[in-house]
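The values are calculated or read from the model by the stated rules, or taken from the named source; none is laboratory data. Here the structure is a predicted model, which is why all the values come from computation and not from measurement. So basically every Cβ, Gly included, is an ideal-geometry build from the backbone, and we count neighbours across all protein chains shown.
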Amino acid sequence: MPVHTYTNWNQRPSDQEEQIEPFRKYIFICEGANTETFYFKRLIDLRKELGIHPLIDIRLWEKTEEDKNISFAKRLADFAEDQKKNPENGFDADRDKMVIVFDGDIFEAKVQGYDELLAAIEKNDIAAVTNPNFELFLILHIEGSYEKYIKGHEEEFLTVDDKDRYSRAYFVLLELTGMNAKKNPEIGKLADNVLVAIEQEKNINQDIHDLKGKVSSNVGKVIEEIINEKPDI
């Protein structure tokens, strides 16, 4: 079984009653095996508090076994396409949407093909991209963090360290929370402040088609659109 599904979709309590099916499922599939998983599980648990329409379901597909470490965005997108075709996953191609969550840092200097990848994903699904990495989006959950830590420091976020990594966002988040985002599941509780992140994200570049050289994220924008969706049934 290549994916494990995390959802808190509430079906009727009794088998005798008619089971309700969601109108649309948004299925998040993430490049990172830990940080994003901690975050989206918490976000899913907050469905009702966020006012997500009762017929909109959000789920996380966690990669399992040999697929757990798929990280390069192109391979992740291919993996997602394969999962759609697996009847066990219950993906309705007419209604459901995959949300492919990945980092833009790899496309900053080394990897070509970003525009083609976006076009392929956006044909049927949604790309949720952070540049340089997901920790940047998590920083935005802390009130005032854009003004204090990001504004005027954009270049630092897009500069590699002596190990050739974009580590600035990780260390700023560590300073703000005291948590190693890659190992501590408690980092997921930042999702409680997702409305703060949605608003602060509007201060940075949200156009993922014009990402290179810019501190960017559209993850909050994607979540906001899901919160605001009202199915026309």
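Just one of (1) small (Gly, Ala, Ser); (2) in contact (Cβ under 8 Å) with a residue 40 or more places away in the chain; (3) surrounded by 13 or more Cβ atoms within 10 Å (Cβ to Cβ); (4) assigned to a loop (DSSP other than H, G, I, E, B) fails for Ala128. It is (4).
Among the conditions (1) buried (at least 20 other Cβ atoms within 10 Å of the Cβ); (2) under 27 Å from Val215 (Cα atoms), Lys63 misses just one, which is (2).
Okay, residues lined up against (1) out of contact with any Cys (no Cβ under 6 Å at 6 or more places or on another chain); (2) assigned to a helix (DSSP H, G or I); (3) touching a residue at least 12 places away in the same chain (Cβ under 8 Å):
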residue: Ala120; (1), (2), (3): yes, yes, yes
residue: Glu156; (1), (2), (3): yes, yes, yes
residue: Leu174; (1), (2), (3): yes, yes, no
residue: Gly213; (1), (2), (3): yes, no, yes
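Residue under question is Lys41, and the condition is that it be under 20 Å from Asn133 (Cα atoms) and surrounded by fewer than 18 Cβ atoms within 10 Å (Cβ to Cβ); does it hold? So Lys41 fails the test. Within region 40-62, being of a type outside the set (Lys, Arg) and part of a strand (DSSP E or B) holds for Ile56, Asp57, Ile58, Leu60, Trp61, Glu62.
Here is a check on your reading of the model: is Tyr114 at negative phi and at pLDDT 95 or above? It would help to see each step written out before you state the result.
Working: at negative phi: yes; at pLDDT 95 or above: no.
Against the criterion (at negative phi and at pLDDT 95 or above), Tyr114 does not qualify.
Of note, Lys221 satisfies the criterion of being under 19 Å from Ile44 (Cβ atoms), basic (Lys, Arg) and without any contact (Cβ under 8 Å) to a residue 24 or more places away in the chain. The residues of region 96-112 that are surrounded by 12 or more Cβ atoms within 10 Å (Cβ to Cβ) and either part of a loop (DSSP other than H, G, I, E, B) or of a type in the set (D, E, K, R) (or both), listed by number, are Asp96, Lys97, Asp103, Gly104, Asp105, Glu108, Val111. Residues considered: Leu195, Leu190, Leu176. Of these, the only one that is at pLDDT 95 or above, surrounded by fewer than 19 Cβ atoms within 10 Å (Cβ to Cβ), of a type in the set (A, V, I, L, M) and in contact with a helix residue (DSSP H, G or I) (Cβ under 7 Å, 6 or more places away or on another chain) is Leu176.
As a summary of the residue check, Ser217 satisfies the conditions (1) surrounded by 15 or more Cβ atoms within 10 Å (Cβ to Cβ); (2) more than 30 Å from Asp57 (Cβ to Cβ) except for the one numbered (2).
Among Glu201, Glu154, Glu229, which is in contact with a Ser or Thr (Cβ under 8 Å, 6 or more places away or on another chain) and either surrounded by 15 or more Cβ atoms within 10 Å (Cβ to Cβ) or on the phi > 0 side of the Ramachandran plot (or both)? Let's see the steps before the verdict.
Values: Glu154 fails: in contact with a Ser or Thr (Cβ under 8 Å, 6 or more places away or on another chain); Glu229 fails: in contact with a Ser or Thr (Cβ under 8 Å, 6 or more places away or on another chain).
When all the criteria are applied, what remains is Glu201.
Under the condition of being at pLDDT below 95 and of a type in the set (Phe, Trp, Tyr), the residues counted in region 1-37 number 3. Which ones in region 131-149 are among the polar types (S, T, N, Q) and either within 30 Å of Lys84 (Cβ to Cβ) or surrounded by 23 or more Cβ atoms within 10 Å (Cβ to Cβ) (or both)? Within region 131-149, Asn131, Asn133 qualify.
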